[in-house]
Amino acid sequence: MKYEVTIGGGDGAGKGRLFVVEIDGDDVFLDGRRVVARLDSLPETPIRYLEVDGRTESLAMAHDGHGWRVQVRGRVRAVGVVDERTRRLRELAGGEAKSGRSGVVKAPMPGMILRLQVERGQRIKVGVGLVVLEAMKMENEIRAPQDGVVTQIYVEAGSVVEKGAPLVELGPSS
């Protein structure tokens, strides 16, 4: 499985330092280079121990709904972790839109709308769940690609949609 890890950049989705981490069984690759890596946790605490090529760091990690906040050596950094499936879904749903711009979020695949998670007029932040789409017997949460206001909802629970069908329209959050 391949992951894009962004360190810095606010919520992890903006500018920051990008790393590609690929895990294939026991093999771990960091930006294409094989490394010996391990992440252990201290049970019932946010403390993690990350070892990469024999060097160990103590981390305090907390998920904030949009990404991770990681404290290393007294500094807190925003860390975004996106797996290849989620990255592709975001691309298909127009997830590269910038904050403050309007846009229509479209279905990344055909399926059935299980539930709406927002209402018209609701102010939302990037990463907030908009709708849950069932496709191939899996629930896929379609998330907001940007901050904004829900200006239009094109579907309802039980709707069957095709790939590319409009789901929700977001207007500027100003």
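Restricted to strands (runs of 3 or more DSSP E) entirely inside the range 101-162, no element has at least 1 residues that are at pLDDT 95 or above, surrounded by fewer than 17 Cβ atoms within 10 Å (Cβ to Cβ) and out of contact with any strand residue (DSSP E or B) (no Cβ under 6 Å at 6 or more places or on another chain). Assessment of the range 87-98 against the conditions (touching a strand residue (DSSP E or B) at 6+ places or on another chain (Cβ under 7 Å), surrounded by fewer than 19 Cβ atoms within 10 Å (Cβ to Cβ) and modelled with pLDDT under 90) yields at least one matching residue.
Scanning the range 44-74 for residues that are modelled with pLDDT of 90 or more, assigned to a loop (DSSP other than H, G, I, E, B) and either within 21 Å of the chain's Cα centre (by Cα) or within 24 Å of D26 (Cβ to Cβ) (or both) yields P46, D53, G54.
The values are calculated or read from the model by the stated rules, or taken from the named source; none is laboratory data. Just so it is clear, the structure is predicted and the values come from calculations on it, not from any experiment. Every residue, glycine as well, gets a Cβ built from its backbone with ideal geometry; the counts of neighbours run over all protein chains shown.
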